[in-house]
Amino acid sequence: MDQAIIIEKGIFIVVIFAITMLFAMYETLAERKIAAWFQDRVGPNRAGKGGILQPLADGLKLFSKEEFFPNTENRFLFIAGPAISMTTALMTSAVIPWGDKLTLFGRDVILQATDINIGMLYVFGVLSVGVYGIMIGGWASNNKFSLMGAMRASSQMISYEVAMGLAIICLVMMTGTLSLGEIAAGQHGWRWNVLYQPVGFIIFLVCSFAETNRTPFDLAECEAELIGGYHTEYSSMKMGFYLFAEYASMFISSTILAVLYFGAYNYPGMDWVESVAGANIANIIGIFVLFAKICFFIFFYMWVRWTIPRFRYDQLMKLGWKMLIPLAIANIIVTGIIILLADQNL
Amino acid sequence: MLTLFYILSAITLGTAFLTILSKNPIHSAIYLVLCFFSIAGHYLMFNAQFLFIVHIIVYSGAIMILMLFTIMLMNLNKADEKNKPILSRIAAVVAFCLVALVLLATFIKSQPVINEYKVSGQDFQSIKVLGQVLLNNYMVPFEFASVLLLVSMIGAVLLSKKEHINN
């Protein structure tokens, strides 16, 4: 029995890893295709049918590039930077519930690598450790532009983590749990959290743009001022790791948005499907529903990139500290009062 | 389980020593981060998940990053290193010994509350129990800690304001 669980979880983790990588790969293509669509161009269409092999060609190119080391005495840290970024980008997927439990070969298969009590805090822990990848890489490059880019990126990430945490507190107050599995299960059918916590959702959304260093908050790689930001000195696959980590974390943060606020694997009419076709079919549809939501949020990320221009650095800090944090605190107070009133009426 | 404890302890002690011994301040800070991670591992061995993750978020994720920030921006090198007078060195050692004494005394004298929970069969590591204990039994110290944080925050704001006026 014990061995069966280890094998089951092992297979599951490998599948999740493969899916994350596949998504990160095809996000690069989707980004370029969507950019082309917004700007009325064709986009990459040479490698394969409609550019379907473009990510493979990009990867091959990155692998075959010269591996450049800047003049630094910290070669180990220079290599550790992208490695930490990549690792932390992939670690979060361990606590995400990808679907309700399936019954295969007479066993209940729980579609979550591990459902720890503190799932939500785990996500935050991994996020805060992810800053090290950028910081160490930027510092070890021994380049002022890299250092400034790293400083910007990490101070931005730290600042927005605060507002993000405060936005999440409302959700925890409402659901009374920190486990992502229970939060997902609590949004059965149409009871999606976004309907109860619209302000919290907007704060969380803005913060996740800042956390993944995406436009309009991609000041870390503000080309006009900082060349390439913290990865100026990087080349070959180390550079690829940084870029890949960004896309992987975009996929993960889309997943977290979908799980926390947009009902995870729940969809309206799931009870009806379950009564007609059985629990397994309903839950498999649920997995597809979750991935549809994830794809929507990934598209949303790219949509915003070509809609809103980049913020100035002081504007970014002002938005984070002077607008989002007070708004999040007000949201906590209002949520608390409403929960108290609702408890008294019952 | 015991081997895991020994490995973790070795990492904790080793990185702690390296923190003090390494010449480069950035390397010191990074070793300290590793040290904090291994301490978090000790928490996990007690199955104290909440303490584990809070330790990582607060110490490794927030405090050490801010520390790295300051070190990177100040660009410390050997030339800037001030030679401290012997008196302040002795004072530092004495202060450290006193703190160690207090810590040791608390650890020896303290009553392990865990036994009560073990008898009642409550899940004493869960956030629910921890929150109840903090806000029922230890309400006053808890609030004092928050006042302390507020005071230090106001102090930091005041310091930055003062510099601004002088410029």
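Nothing in this text is a laboratory measurement; each read-out follows from the coordinates by a stated rule. Nothing here was measured: the structure is a model prediction, and the numbers come from that model. A quick note on method: Cβ atoms are made from the backbone with ideal geometry, for glycine too, and the neighbour counts reach across all protein chains shown.
Among A:GLU66, A:GLU246, A:GLU27, whose mean-square fluctuation peaks in a Gaussian network model of chain A (Cα, cutoff 10 Å)? Largest GNM mean-square fluctuation: A:GLU66. Applying 1/(1 + (r/R0)^6) with R0 = 35 Å to the Cβ-Cβ distance of A:ARG75 and A:TYR313 gives a FRET efficiency near 0.70. May I ask for the net charge around A:ARG107, where only other residues with Cβ less than 10 Å from the Cβ of A:ARG107 are counted and Lys, Arg are +1 while Asp, Glu are -1? Net of charged neighbours comes to -1. Based on the reciprocal of the average 1/r between different C-alpha atoms, the Kirkwood radius for the protein assembly as shown equals 25.6 Å. Which net charge results when you count Lys and Arg as +1 and Asp and Glu as -1 among the other residues whose beta-carbon is under 10 Å from that of A:ASN283? In short, -1. Under 5 Å from the amide H of A:VAL109 lie the amide H atoms of A:LEU102, A:THR103, A:LEU104, each residue being 5 or more positions distant or on a separate chain, with H modelled from the backbone and absent for Pro and chain starts.
With a cut-off of at most 16 other beta carbons within 10 Å, and DSSP calling the residue loop, which trypsin sites (Lys or Arg not before Pro) in region A:1-85 qualify? Please list them. When the trypsin sites (Lys or Arg not before Pro) of region A:1-85 are filtered for loop state and at most 16 Cβ neighbours within 10 Å, A:ARG41, A:ARG46, A:LYS65 remain. Between A:ASP40 and A:ILE5, the simple spin-label model (points 7 angstrom out along Cα→Cβ) gives 6.0 nm. Look at the stretch B:51-64: the mean tally of other chain Cβ atoms within 10 Å of its residues' Cβ atoms is 5.
Dimensions of region A:232-333 based on its C-alpha atoms, expressed as ranges along the principal axes with the largest first, amount to 55, 47, 22 Å.
Filter the trypsin sites (Lys or Arg not before Pro) in region A:137-219 to those in DSSP coil with at most 13 other Cβ atoms within 10 Å of their Cβ, and list the result. Answer by residue number: A:ARG191. Between A:SER235 and A:ILE281, the distance separating the two model label sites (each 7 Å from Cα on the Cα→Cβ line) works out to 5.8 nm. Between A:LEU195 and A:GLU182, the simple label model (points 7 Å from Cα in the Cβ direction) yields a spacing of 2.2 nm.
Straight-line reach from B:LYS84: taking Cα to Cα under 22 Å and skipping same-chain neighbours fewer than 8 places apart, the lysines in range are B:LYS23. Calculated mean residue ellipticity, 222 nm, chain A: -22500 deg cm²/dmol, from DSSP H runs (n ≥ 4) at -39500 (n - 2.57) each, averaged per residue and rounded to 500.
The count of lysine pairs in region A:2-345 with alpha-carbon distances below 14 Å, taking only pairs 8 or more places apart or on different chains, stands at 4.
Rounded if a/c is under 1.5, else prolate if a/b is larger than b/c, else oblate: which is region B:1-81, with a ≥ b ≥ c the root eigenvalues of its Cα gyration tensor?
oblate
Axis angle, to the nearest 10 degrees, between helix A:236-260 and the longest C-alpha principal axis of chain A: 20 degrees.
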